[in-house]
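The values are calculated or read from the model by the stated rules, or taken from the named source; none is laboratory data. All values derive from a computational prediction rather than experimental measurement. For neighbour counting, all protein chains shown are included, and Cβ atoms are generated from backbone atoms with ideal geometry for every residue, glycine included. What goes into the accessible areas is simple: the full protein's heavy atoms, side chains included, and nothing from ligands, DNA or RNA. Shrake-Rupley method; radii C 1.70, N 1.55, O 1.52, S 1.80 Å.
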Amino acid sequence: MTPLKNRFDAYEQMLRLHQPAGVLLLLWPVLSALWLATGGRPPLSLVIIFVMGTLLMRSVGCALGDWLDHNKGRNNGGSDRGDGQRTADNRAGLLERGVIAPWEALAVAVVLTLIAFGFIWFTTRIAIGIAAVALVSALALALVQLFYRRFVSLSRVFFGIAFLFGIPLAFAAANNTVPWYAWGLMGVHVFWIVAYDIEYAMARRDKDIERDRRSSALILGRYDVLATAVSYGLYLAGMVGVGLWWRLGIAYGVALALATACAVGCLWLAHSRKTSHCFAAFRCNHWIGVVIFIGVVADYALRLHSWPMLGR
């Protein structure tokens, strides 16, 4: 391959563009919120803004995380890296092998952040303010996790919560206001993030022990599966409340039933605590998000086509 092709491949790996599951987990709740905020009629411009914003900011998180992780490991002499050697799928592998320079990762994060804010700039002042708060929160949480992950390592939860600011951001962009129930919708999704964070931590339990990181699975111990089930239960109960509040109909009800079935399947995979099964459980959460999003879209589509028996 040419040097330019190699460079693009390296950036693709650093930004995790070859791993869409992460961005999809962040995207579906935001798009569902956008449909709810606009009564099922979101302008195409807002859909593009939020899709691109989510993709860009997830890439920013990956690049910034690599840069912070590399500098932390260098300052610690590699002591928090187990055997001191990263493989290609570990977070700072490209930087440690010299494929990408640390300044490049930081520069990419800054450039992509500016591009993302360029999209948000075309919405409302309230949306711009919320986006700024979300960015500052994500940076603060990243720094906290970087230096204290040996005591509590919940970076996926913290970053997920930071990205959930996209929910009130959708209401702000669509309506120039953020009602209290938008924050409630954001809060409901926190339980979903906790559920799939535990599954991911269960899959990486051995690596976290090796690197002396206190992940959610290690903190919970033998109660990890129970905590995951409780988190799913609270999330799904909250989504029932969402359906009642917005008076969603049968299409949403069917989607919620399918999402519940997906959650049960995730639990069934995770209860064995096998690494491959736990990774599969984590990945299947994408289907929970997508079926709920489809349910919201379908419900509003049925209403807008004046099919009341299938709508409300």
Open item on the list: Looking at W35, W67, can you tell me which residue is in a helix (DSSP H, G or I) and at pLDDT 75 or above?
Closed with: W35
Task: Hits in segment 203-231 (condition: open to solvent by 60 Å² or more (accessible area, probe 1.4 Å) and among the basic types (K, R)) - done: K207, R214, R222
Task: Yes/no for A237 being open to solvent by 20 Å² or more (accessible area, probe 1.4 Å) and either at pLDDT 95 or above or on the phi > 0 side of the Ramachandran plot (or both) - done: yes
Task: Selection count where residues are open to solvent by 10 Å² or more (accessible area, probe 1.4 Å) and among the small types (G, A, S), scope segment 177-202 - done: 2
TODO: Go through segment 41-53 and give me each residue that's buried (at least 16 other Cβ atoms within 10 Å of the Cβ) and of a type outside the set (A, V, I, L, M, F, W, C).
DONE: P42, G53
Task: Residue, modelled with the highest pLDDT, within segment 38-60, restricted to residues that are under 24 Å from G238 (Cα atoms) and assigned to a helix (DSSP H, G or I) - done: F50
Task: Scan of segment 115-145 for residues that are at pLDDT 90 or above, in a helix (DSSP H, G or I) and open to solvent by 50 Å² or more (accessible area, probe 1.4 Å), ordered by number - done: I115, F119, R125, I126
- [ ] Taking A255 as the residue in question, decide whether it is buried (at least 17 other Cβ atoms within 10 Å of the Cβ), part of a helix (DSSP H, G or I) and among the hydrophobic types (A, V, I, L, M, F, W, C).
- [x] yes
Open item on the list: List the residue pairs whose Cβ atoms are under 9 Å apart, where the first residue sits in segment 166-192 and is assigned to a helix (DSSP H, G or I), the second is open to solvent by 10 Å² or more (accessible area, probe 1.4 Å) and basic (K, R), and the two are 6 or more positions apart or on different chains.
Closed with: A172/R125
- [ ] Could you grab the pairs with beta carbons closer than 8 Å, sequence gap of 6+ or different chains, first residue in segment 263-278 and under 17 Å from S231 (Cβ atoms), second one open to solvent by 40 Å² or more (accessible area, probe 1.4 Å) and among the basic types (K, R)?
- [x] R273/R205
